[in-house]
Amino acid sequence: MTSDQTPLLSVRDLKVSFTLDEGLVRAVDGTSFDVMPGQVLGVVGESGCGKSVTMRAILQLVERPGRITGGEIRFRRRDGGEPVDLARLSPRGAEMRDIRGGEIALIPQEPMAAFSPVHTVGDQIVEAIQLHSHRWEAGGRKLSRRDARDITVGLFRDVGISMPEQRVDAFSWQLSGGLRQRAMIAMALSCKPSLLIADEPTTAIDVTTQAQVLALLRDLQAKYNTAIIFITHDLGVIAQMASYVVVMYLGRVMEEGPVDEIFHAPKHPYTKALLRSIPSLYGETRVALPVISGALPHPFNRPPGCPFHPRCPDVMERCSAAVPSLQPVAPNQLASCFLYHDQADAG
Amino acid sequence: MSAPPAMSEPLLDVRGLQKFFPITKGFLQRTVGHVRAVDGVDFTVNEGETLGLVGESGCGKTTASRCILRAVDPTGGEILYRTRAGKVVDLATLSSSELLPLRTEIQMIFQDPFGSLNPRMTLLDNVGEPLLVNGIGNRRERTDRVAELLRLVGLRPEFMHRFPHAFSGGQRQRIAIARALATNPRLVVADEPVSALDVSIQAQVLNLLLELQSRLKLTFLFVAHDLSVVRHISDRIAVMYVGQLVELAPTAEIFGQPQHPYTAALMRAVPVADPRVRTADGILGGEVPSPAAPPSGCYFHPRCRHAVARCRVEAPELREIAPGHFTRCHLAGEVTF
């Protein structure tokens, strides 16, 4: 990360909790990271690590009983000026509605669930474009349906949908999984966002289609220089897509750094164990894989101290007593682990 | 452990397996066509080995595996199974009463451990159910057996009076494995057994399956879409595309020298978990055709960059290109994929 650049998005000590009858679930518990303009940031973690909730918080889409209980989400808007704290904005207010879809767009995991089945995909994209009309016309006039439709057809062509004039009139259930996800990407890009959040965009589709969609995202990113937060549990996808990686576990950032360092010089015991536990296409077959012992703790039973300590091979006494903070462990690389704290204190 | 098992009589010999689902239309439900979900699949599974069955969604891998359990009735073909008593029977044509004694020998592990366990039954009843329906043992013996099974899959026997909701995804899959093993099966059909699990839990369950296989001399038919997982666990791999088997070979060979362009494309499509290795060239264009209206000739020709005129008209047969290496491609041996 170069220090002379100012981040596009800066998340600081974000906390999101869900108040349930059974107790308080701290889904995101003090997460901090930055996204630079034009950067592809990979966020990796297992279920319950808070990666999706963090993204929903950025878009102010956390549903009740969930609530942002602390921290800041500073976002630099396109018109310049001081960054706004999205966490302070009203979810239904004019400014948030202008940013959401207009400057920060979301590609959800399941395009089948995200599109309405009773409207054509074209109509849904036209609606989004018309809502953000001022991004095309300086006069603040609302775009006509015809103009918005023309834009949509152009977008469909951009994302590689064949026969775009016919496909805009299709319903989502008439499209294959790959086409549906392409249509979703077209919708997300419709307002030329400066930040795109892709939440497991290829998890629900097949591997050959996934390769197509990943290649498309990579091309579009190069073309428009959009910053992308790429969320996935698939380490292969992260390695191929991201330039900078954030590893999350139980609502906290365990480690972050450039993609090469994370894969070739991981520092945090969780990152190391996670990388060892995946079967590779080159390793020895039919031998026992190194495993991370134990299971992901239940959200009501968050372990005290470092959330990973009950499963950690390098656990020390202090790990259960206090929460380690994110400290530099190498140039450009941070980890929250007591193994490196003395080193950081000394340095 | 990685050496292929000694050649023996196959435990399972599937020949020309077909399963067509009718497409019906109108009030009278007239049949207007067929979805050829499984369209002439041949493979064998040897005793003690793991055969991986891979393919993308809709390729018929799940339907083929369900035919073997007769969870769906095949339209055509033979499923020859060598029973514990040494007799070879055709599972495709047996009546349900004739199948009953064989049900203890062939068991299944499902993908979703949240859906496959009955939430209203304790582990004792869930895991003990196969024993109950097959009339094995009295209540006391069943309880002892369930305790033994839970220990076998790495759970504490004291858990048997709890309900599935108290367990995590990985633990539930262990429970489902315990249930599949209750009747001492010889063949276990596992349909995507780790794809619903988190990365850190997948490795635990894969290790458990490998350990149980060597301890109990199990034979696995392992159905999955994740190539790295299939590669890790399988002795041989069969690749399916639009209801047909396109390639079958020992694991090292199929990954080293794939002899079908689809297999090669599938492998190239897997994102490598190493940022220094770029997976870019040779991305497969187009989409999987519908099994209700497959293309002419070779089903893969519209997406194949090697396709020649012959591929458009003449459907290739599955042929043995090297000992134990089968492929359904006209160009295999002439072109490197």
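The values are calculated or read from the model by the stated rules, or taken from the named source; none is laboratory data. Here the structure is a predicted model, which is why all the values come from computation and not from measurement. Quick reminder, even Gly has a Cβ in these numbers, built from the backbone with ideal geometry, and neighbours come from all protein chains shown. Heads up: the accessible areas ignore ligands, DNA and RNA and are worked out on the full protein's heavy atoms, side chains in. Shrake-Rupley method; radii C 1.70, N 1.55, O 1.52, S 1.80 Å.
Among the residues of segment A:158-183, those that are outside any loop (DSSP other than H, G, I, E, B) and either acidic (Asp, Glu) or closer than 21 Å to residue A:35 by Cβ (or both) comprise A:158, A:165. Test residue B:44 against the stated conditions and say whether it is part of a strand (DSSP E or B), under 23 Å from residue B:250 (Cβ atoms) and open to solvent by 30 Å² or more (accessible area, probe 1.4 Å). So residue B:44 passes the test.
Determine whether segment A:11-34 contains at least one residue that is modelled with pLDDT of 95 or more and touching a Phe, Trp or Tyr at 6+ places or on another chain (Cβ under 8 Å). So far as segment A:11-34 goes, yes, one or more of its residues are modelled with pLDDT of 95 or more and touching a Phe, Trp or Tyr at 6+ places or on another chain (Cβ under 8 Å). Just one of (1) more than 10 Å from chain A (Cβ to nearest Cβ); (2) in contact with a strand residue (DSSP E or B) (Cβ under 7 Å, 6 or more places away or on another chain); (3) of a type in the set (Ser, Thr, Tyr) fails for residue B:241. It is (2). Within segment A:75-109, if we keep just the residues that are at pLDDT 90 or above and among the basic types (Lys, Arg), the residue that is most open to solvent (accessible area, probe 1.4 Å) turns out to be A:92. Does residue A:89 qualify as being more than 23 Å from residue A:256 (Cβ to Cβ), free of Cβ contacts under 8 Å to residues at least 40 places away in the same chain and either in contact with an Asp or Glu (Cβ under 6 Å, 6 or more places away or on another chain) or of a type in the set (S, T, N, Q) (or both)? Answer is yes for this residue. Count of segment B:216-238 residues, restricted to those that are more than 13 Å from chain A (Cβ to nearest Cβ) and open to solvent by 10 Å² or more (accessible area, probe 1.4 Å), is 2. Scanning segment B:144-158 for residues that are surrounded by 17 or more Cβ atoms within 10 Å (Cβ to Cβ) and in a helix (DSSP H, G or I) yields B:145, B:146, B:147, B:149, B:150, B:152. On the stretch given as segment A:142-185, residues that are under 18 Å from residue A:119 (Cβ atoms) and touching a Lys or Arg at 6+ places or on another chain (Cβ under 8 Å) total 8. Looking across segment A:289-304, the residues that are more than 13 Å from chain B (Cβ to nearest Cβ) and open to solvent by 40 Å² or more (accessible area, probe 1.4 Å) come down to A:302, A:304. Of the residues in segment B:35-44, at least one is away from chain A (no Cβ under 14 Å), over 28 Å from residue B:323 (Cβ atoms), within 18 Å of the chain's Cα centre (by Cα) and not charged (D, E, K, R). The single condition among (1) more than 11 Å from chain B (Cβ to nearest Cβ); (2) touching a strand residue (DSSP E or B) at 6+ places or on another chain (Cβ under 8 Å); (3) under 21 Å from residue B:168 (Cβ atoms) that residue A:327 does not satisfy is (3).
A single entry from A:219, A:199 fulfils the requirement of being open to solvent by 10 Å² or more (accessible area, probe 1.4 Å) and either within 13 Å of chain B (Cβ to nearest Cβ) or at pLDDT below 90 (or both): A:219.
If I filter segment A:283-294 for residues that are assigned to a strand (DSSP E or B) and among the polar types (S, T, N, Q), do I get at least one hit? No: zero hits. Among the residues of segment A:187-211, those identified as in contact (Cβ under 8 Å) with a residue 40 or more places away in the chain and over 18 Å from the mean Cα position of the chain (by Cα) are A:190, A:191.
Looking at segment A:65-80, I want the residues that are within 23 Å of residue A:102 (Cα to Cα) and have a partner that is open to solvent by 60 Å² or more (accessible area, probe 1.4 Å) with Cβ atoms under 6 Å, at least 6 apart or on another chain. Which pairs are those? Once the first residue is within 23 Å of residue A:102 (Cα to Cα) and sits in segment A:65-80, its partners that are open to solvent by 60 Å² or more (accessible area, probe 1.4 Å) give A:72/A:12. Across segment B:216-242, the qualifying residues are those that are in contact with a Phe, Trp or Tyr (Cβ under 6 Å, 6 or more places away or on another chain) and assigned to a strand (DSSP E or B), and the one among them that is farthest from residue A:294 (Cα to Cα) is B:241.
Taking the condition closer than 26 Å to residue B:207 by Cβ, away from chain B (no Cβ under 14 Å), assigned to a loop (DSSP other than H, G, I, E, B) and open to solvent by less than 30 Å² (accessible area, probe 1.4 Å), does residue A:307 pass?
Details: closer than 26 Å to residue B:207 by Cβ: yes; away from chain B (no Cβ under 14 Å): no; assigned to a loop (DSSP other than H, G, I, E, B): yes; open to solvent by less than 30 Å² (accessible area, probe 1.4 Å): yes.
So residue A:307 fails the test.
Among residues belonging to segment B:283-326 that are β-branched (Val, Ile, Thr) and over 30 Å from residue A:218 (Cβ atoms), point out the one that is most open to solvent (accessible area, probe 1.4 Å). Walk me through how you get there before you give the answer.
Residues of segment B:283-326 that are β-branched (Val, Ile, Thr), as a first pass: B:283, B:288, B:308, B:313, B:321.
Next, from what is left, pick out any that are over 30 Å from residue A:218 (Cβ atoms): B:308, B:313, B:321.
Working: B:308: 60, B:313: 119, B:321: 57 Å².
Among residues in segment B:283-326 that are β-branched (Val, Ile, Thr) and over 30 Å from residue A:218 (Cβ atoms), the one most open to solvent (accessible area, probe 1.4 Å) is B:313.
The single residue among B:305, B:328, B:312 that is modelled with pLDDT of 90 or more, touching a strand residue (DSSP E or B) at 6+ places or on another chain (Cβ under 7 Å) and more than 10 Å from every other protein chain (Cβ to nearest Cβ) turns out to be B:328. Let me confirm something: among A:21, A:34, which residue is out of contact with any helix residue (DSSP H, G or I) (no Cβ under 8 Å at 6 or more places or on another chain) and free of Cβ contacts under 8 Å to residues at least 24 places away in the same chain? The match here is A:21.
Residues checked against (1) at pLDDT 95 or above; (2) away from every other protein chain (no Cβ under 14 Å); (3) buried (at least 20 other Cβ atoms within 10 Å of the Cβ):
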position: A:254; (1), (2), (3): yes, no, yes
position: A:259; (1), (2), (3): yes, no, yes
position: A:265; (1), (2), (3): yes, no, no
position: A:277; (1), (2), (3): no, no, yes
position: A:280; (1), (2), (3): no, no, no
position: A:284; (1), (2), (3): no, no, no
position: A:334; (1), (2), (3): yes, yes, yes
position: A:342; (1), (2), (3): no, yes, no
position: A:345; (1), (2), (3): no, yes, no
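Taken as a whole, the structure leaves residue B:279 outside the set of residues that are more than 9 Å from chain A (Cβ to nearest Cβ) and β-branched (Val, Ile, Thr).
Taking the residues in segment B:171-192 that are within 14 Å of chain A (Cβ to nearest Cβ) and open to solvent by less than 10 Å² (accessible area, probe 1.4 Å) as candidates, determine which candidate is nearest to residue B:148 (Cα to Cα).
B:175
In segment A:165-182, the residues that are away from chain B (no Cβ under 13 Å) and closer than 14 Å to residue A:110 by Cβ reach residues that are of a type outside the set (Val, Ile, Thr) and open to solvent by less than 10 Å² (accessible area, probe 1.4 Å) with C-beta atoms within less than 9 angstrom, at least six apart or across chains, in these pairs: A:172/A:111; A:172/A:115; A:172/A:183; A:173/A:115. Taking (1) of a type outside the set (A, V, I, L, M, F, W, C); (2) open to solvent by less than 30 Å² (accessible area, probe 1.4 Å); (3) out of contact with any Asp or Glu (no Cβ under 6 Å at 6 or more places or on another chain); (4) in a loop (DSSP other than H, G, I, E, B) in turn, residue B:213 satisfies each apart from (4).
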